[in-house]
1. Need the list of aspartates and glutamates near residue 37 for cross-linking: C-alpha distance under 17 angstrom, and skip anything on the same chain fewer than eight residues off.
2. Among the aspartates and glutamates, select those whose C-alpha is under 20 Å from the C-alpha of residue 92, and discard any that sit fewer than 8 residues away in the same chain.
3. Net charge within 13 Å of residue 124 by Cβ-Cβ distance, Lys/Arg positive one each and Asp/Glu negative one each, not counting residue 124 itself?
4. Could you give the length gained by full extension between residue 40 and residue 98, i.e. 0.36 nm per residue of separation minus their alpha carbon distance, to one decimal place?
5. Can you order the peptides 123-135, 80-92, 8-20 by their average number of other Cβ atoms within 10 Å per residue, highest first?
Amino acid sequence: MSTPLTPRQKSILDALRRYFRQRGYMPTVRDLAKMVKSAASTVQQHLERLQTKGWITHDGSPRGIALLSQKKAEAKLWPLVVTHHVSRGITKPIPPGQRRFISLPLVAIRPNLMVAEVVDTSLHGKGVHQGDLLLIDVRAHSGKSKSGGHSMNSSQGRIIALIRLL
């Protein structure tokens, strides 16, 4: 990594690694703040800097911090969490324990990006297959469906990329 860490950033990164090794899952910001004896808002600022420097990523969920390996960060790959399923054109959240990571080139990453996996064949006629991943700009979202998910047709230009894993 080209940007050096401050001593405080290094201590927070070390605390993240230690917590994950001991428990098998990542801490919340509050858990981390208690560990390093600091305010949650201060820890959040350090986490944002660690993310900018390429040491971690965070999906916004309470335990959504992920450590990046040095090799991935140097290769400019960014892990993203698949947070939603798409079924019959509707996105629905995946429970946190069932989410998975994918790595994408850093150039594909932008703010307000959601990754959704297609879990049925209802979009097959539009060239979207079961198992495909959709990158969705959530800022373009304008409404919810009756079932509580987000409608894929609620606004134009919402899907920004389709990824087909072979």
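1. Excluding near neighbours in sequence, the set is 14.
2. 59, 117, 120, 132, 137
3. Around residue 124, the charge tally is +1.
4. Here the segment from residue 40 to residue 98 would lengthen by 18.2 nm.
5. 80-92, 8-20, 123-135
Bear in mind that the values in this text are calculations on the coordinates, not laboratory data. Quantities reported herein were computed from a predicted structural model and do not represent experimental measurements. Methodologically, a virtual Cβ is constructed for each residue, glycine included, from the backbone with ideal geometry; neighbour enumeration extends over all protein chains shown.
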